[in-house]
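Report on the following structure.
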Amino acid sequence: MTAIAEQIEHLVSEVIAEAGDLPLTLSALSNSTGVPPFKLHRAIKAETGMTPAKLVESIKLRRAATDLLLLDVPIALVAQRAGFNNHETFSRAFRRLVGSSPRQFRKEGSIPAPGKRVLSTKCDQPFWIGTSEAVSFSRNWLISKRHVGPYTEVPFDYFDEVMGYVSQSHLSPTAYAGIGLDNPQITPPGELRFDAAVVVAGDINPETITQKGFRASRLPAGTWIRTRFVGPYTRMSEAIANIAHQSRKIADIKPGPLIEMYHAHSMTASRIIEYTDVYLYAGETID
């Protein structure tokens with residue numbers, strides 16, 4: 001997703017969270033982004049192939065697809081949470097984008113019940129999933145390099161590049177992290193965003209990081225549901241479905257990035273990483 005599309009996605013998410021289905025017109029988007037309407041329309045069309053209205057709709061529907069899989073709530077509430085006050089409008093739009101109704105999508109993409117030890121017929125290497133618990137992040141910095149494309153094709157040398165920069169800059173690394181920003185069940189594989197990151201302690205200058213071609217961001221504040229995974233990294237995507245199912249028993253999982261904290265000396269797909277903590281966002285507080 002391009003910079004302008006990311007800006008629009010952030011704006012749409014804020015509006016949905018605060019006020020539901022407000023009219024996100026081109027004029028409103030222009031006022032919020034500071035980009036003139038004609039220029040904004042042309043930029044969005046050139047960068048995403050969609051009109052501003054279609055981009056806003058697709059952002060809402062991606063949020064709904066995540067909720068359908070993660071939340072055990074009525075479909076009408078999923079539609080409302082995504083900014084659709086009319087259930088029929090939501091269902092028609094969802095079918096156009098995904099190719100199936102919300103009910104069918106939930107049924108076919110339903111997340112299996114978690115198991116402590118899972119053995120796939122495709123791989124004889126088992127993985128283990130621990131219990132889930134609510135935790136809060138410290139507001140440490142993330143320095144990252146972004147991959148756009150299938151999650152299975154993230155170059156592992158991205159982690160080496162980031163760590164090399166962190167070391168050369170005499171910063172204090174505390175962990176490797178991977179941030180999945182999109183739902184692969186609805187976002188086209190070529191548009192999936194993943195940040196290969198290193199968590200660092202202390203203060204940094206974000207502008208300097210950006211000038212070197214990396215990204216700088218803070219770990220999000222709030223409550224997260226943490227689940228420990230032990231096994232080969234190649235089994236991670238399979239395990240995450242189980243983890244999401246297990247996590248939603250503790251809290252209402254909110255739309256947001258999925259964060260993986262890797263506890264290993266180096267990042268290699270063939271090596272069994274010591275363990276990985278997977279975090280799903282649960283909001284500022286949970287009851």
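Considering only the range 124-148, state which residues are open to solvent by less than 30 Å² (accessible area, probe 1.4 Å) and either closer than 19 Å to Ala239 by Cβ or at pLDDT below 50 (or both).
Correct list: Phe127, Ile129, Gly130, Ser132, Val135.
Would you mind stating whether Pro232 is over 18 Å from Leu280 (Cα atoms) and out of contact with any strand residue (DSSP E or B) (no Cβ under 9 Å at 6 or more places or on another chain)? Write out each step before concluding.
On the way: over 18 Å from Leu280 (Cα atoms): yes; out of contact with any strand residue (DSSP E or B) (no Cβ under 9 Å at 6 or more places or on another chain): no.
For Pro232, the condition - over 18 Å from Leu280 (Cα atoms) and out of contact with any strand residue (DSSP E or B) (no Cβ under 9 Å at 6 or more places or on another chain) - is not met.
Taking the range 78-96, which residues are open to solvent by less than 80 Å² (accessible area, probe 1.4 Å) and assigned to a helix (DSSP H, G or I)?
Correct list: Val78, Ala79, Arg81, Thr89, Phe90, Ser91, Ala93, Phe94.
Please work out if Val166 is surrounded by 14 or more Cβ atoms within 10 Å (Cβ to Cβ) and touching a His at 6+ places or on another chain (Cβ under 6 Å).
Details: surrounded by 14 or more Cβ atoms within 10 Å (Cβ to Cβ): yes; touching a His at 6+ places or on another chain (Cβ under 6 Å): no.
Considered against the rule, which asks whether it is surrounded by 14 or more Cβ atoms within 10 Å (Cβ to Cβ) and touching a His at 6+ places or on another chain (Cβ under 6 Å), Val166 comes out as no.
Determine whether the range 232-247 contains at least one residue that is more than 26 Å from Phe127 (Cβ to Cβ), surrounded by fewer than 19 Cβ atoms within 10 Å (Cβ to Cβ) and not basic (Lys, Arg).
Applying the first criterion (more than 26 Å from Phe127 (Cβ to Cβ)) to the range 232-247 yields none.
Checked the range 232-247: no residue is more than 26 Å from Phe127 (Cβ to Cβ), surrounded by fewer than 19 Cβ atoms within 10 Å (Cβ to Cβ) and not basic (Lys, Arg).
Does Phe194 satisfy the condition of being assigned to a strand (DSSP E or B) and touching a Ser or Thr at 6+ places or on another chain (Cβ under 8 Å)?
Against the criterion (assigned to a strand (DSSP E or B) and touching a Ser or Thr at 6+ places or on another chain (Cβ under 8 Å)), Phe194 does not qualify.
Inside the range 216-231, can you point out the residues that are under 19 Å from Phe137 (Cβ atoms) and crowded, with 17+ Cβ neighbours inside 10 Å? Outline the logic, then answer.
Initially, the range 216-231 is screened for residues under 19 Å from Phe137 (Cβ atoms), giving 216-229.
Those that are under 19 Å from Phe137 (Cβ atoms) and crowded, with 17+ Cβ neighbours inside 10 Å: Ala216, Leu219, Thr223, Trp224, Ile225, Arg226, Thr227, Arg228, Phe229.
Could you give me the residue pairs with C-beta distances under 9 Å whose first residue belongs to the range 207-236 and is of a type in the set (Asp, Glu), whose second residue is outside any helix (DSSP H, G or I) wherever it lies, and which are 6+ apart or on separate chains?
Final answer for the pair search is Glu207/Ala216.
Pull out all pairs, ordered by first then second residue, where Cβ-Cβ is under 9 Å, the residues are six or more apart or on different chains, the first lies in the range 28-43 and is hydroxyl-bearing (Ser, Thr, Tyr) and modelled with pLDDT under 75, and the second is open to solvent by less than 60 Å² (accessible area, probe 1.4 Å) and in a helix (DSSP H, G or I).
Pairs found: Ser32/Ile8; Ser32/Leu11; Ser32/Val15; Thr33/Ile4; Thr33/Ile8; Thr33/Leu11; Thr33/Leu40.
Can you tell me how many residues within the range 234-285 are in contact with a Lys or Arg (Cβ under 8 Å, 6 or more places away or on another chain) and modelled with pLDDT under 70?
1
The values are calculated or read from the model by the stated rules, or taken from the named source; none is laboratory data. What you see is a predicted model; the values in this text were computed from it and never measured. Reconstructed Cβ throughout: ideal geometry from the backbone, glycine too, with neighbour counts over all protein chains shown. What goes into the accessible areas is simple: the full protein's heavy atoms, side chains included, and nothing from ligands, DNA or RNA. Shrake-Rupley method; radii C 1.70, N 1.55, O 1.52, S 1.80 Å.
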